[in-house]
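S.K.: Take this structure first; my questions come after.
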Amino acid sequence: MRLCTRLLSTAFALLACTLAARADTFQLFNVTGTFDNGSILSGTATIDTTVGTVTNSDFVVSGPFSATFLNDIYGQEFNSTNYGIFNRDSFDNFLILNLPVGPLVGYQGGRISTSSFADNTDNGAFTSLVSGQFTAAPSGVTPEPSTLVLLGTGILGLAGAARRRFLPRV
């Protein structure tokens, strides 16, 4: 009777933990673009597509204007039709990317609607993006917590059944 009570309470506790756990989905995107002055945008952005926020970004602007933005997310803003990502490096160069979507929940990639780059190391020169794209990079599948808990409770159940079978009866 004690063993059954312990197993049931353990299973209930694991079930409660499963309900509290949440597996966020992080997607890596390759970012490319061309500015009107011939500068090139390249890099990556990691987006939490469960919550809908950019968690990391590494961008490089090369050409007539150049700057490197390594996880320099200055801010994020969205409304029902646009999502803006603001980046600023240590030299106060600004890179603004606008995506033609509202929140990034479930985002699969697409074009960059507008973008601008201000090169403050070159007397505040300004250029706009002519074309740009967010392309999803291939990623592996990570098991979610509830699947692991289900596997664990199954193993506990098998262990309990095996113990019951091989214990001597009194």
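S.K.: May I ask you to list pairs of residues, at least six apart or on different chains, whose Cβ atoms are under 7 Å apart, with the first in segment 147-162 being over 18 Å from residue 5 (Cβ atoms) and in contact (Cβ under 8 Å) with a residue 60 or more places away in the chain and the second being of a type in the set (Ser, Thr, Tyr) and part of a helix (DSSP H, G or I)?
M.R.: Note: pairs meeting the criteria are 149/18.
S.K.: Restricting to segment 153-167, name every residue that is surrounded by 11 or more Cβ atoms within 10 Å (Cβ to Cβ) and under 41 Å from the mean Cα position of the chain (by Cα).
M.R.: 153, 156, 157, 159, 160 - these are the residues of segment 153-167 that are surrounded by 11 or more Cβ atoms within 10 Å (Cβ to Cβ) and under 41 Å from the mean Cα position of the chain (by Cα).
S.K.: Are any residues in segment 57-82 under 17 Å from residue 31 (Cβ atoms), without any contact (Cβ under 8 Å) to a residue 24 or more places away in the chain and part of a strand (DSSP E or B), and if so, which ones? Before the answer, list the steps.
M.R.: Step one: list which residues in segment 57-82 are under 17 Å from residue 31 (Cβ atoms), which gives 57-63, 65-74, 76, 82.
With the extra rule that they be without any contact (Cβ under 8 Å) to a residue 24 or more places away in the chain, the set shrinks to 58, 60, 62, 68, 70-74, 76.
Listed by number, the residues that qualify are 58, 60, 62, 68, 70, 73, 74, 76.
S.K.: Being surrounded by 14 or more Cβ atoms within 10 Å (Cβ to Cβ) and in contact with a helix residue (DSSP H, G or I) (Cβ under 7 Å, 6 or more places away or on another chain) narrows it down to one residue among 37, 82, 87, 93; which is it? Before the answer, list the steps.
M.R.: On the way: 37 fails: in contact with a helix residue (DSSP H, G or I) (Cβ under 7 Å, 6 or more places away or on another chain); 82 fails: in contact with a helix residue (DSSP H, G or I) (Cβ under 7 Å, 6 or more places away or on another chain); 87 fails: in contact with a helix residue (DSSP H, G or I) (Cβ under 7 Å, 6 or more places away or on another chain).
Just one listed residue meets the conditions, 93.
S.K.: Of the residues 128, 116, which is without any contact (Cβ under 8 Å) to a residue 60 or more places away in the chain and either hydroxyl-bearing (Ser, Thr, Tyr) or closer than 14 Å to residue 27 by Cα (or both)? Walk me through it before giving the result.
M.R.: Numbers: 128 fails: without any contact (Cβ under 8 Å) to a residue 60 or more places away in the chain.
Unique residue meeting the criteria: 116.
S.K.: Can you tell me which residues in segment 54-68 are buried (at least 17 other Cβ atoms within 10 Å of the Cβ) and either under 18 Å from the mean Cα position of the chain (by Cα) or hydroxyl-bearing (Ser, Thr, Tyr) (or both)?
M.R.: Hits for segment 54-68 are 54, 57, 59.
Each value in this text was obtained by applying a stated rule to the coordinates, not by laboratory testing. Quantities reported herein were computed from a predicted structural model and do not represent experimental measurements. Note that each Cβ is placed from the backbone with ideal geometry, even for glycine, and that neighbours are counted across all protein chains shown.
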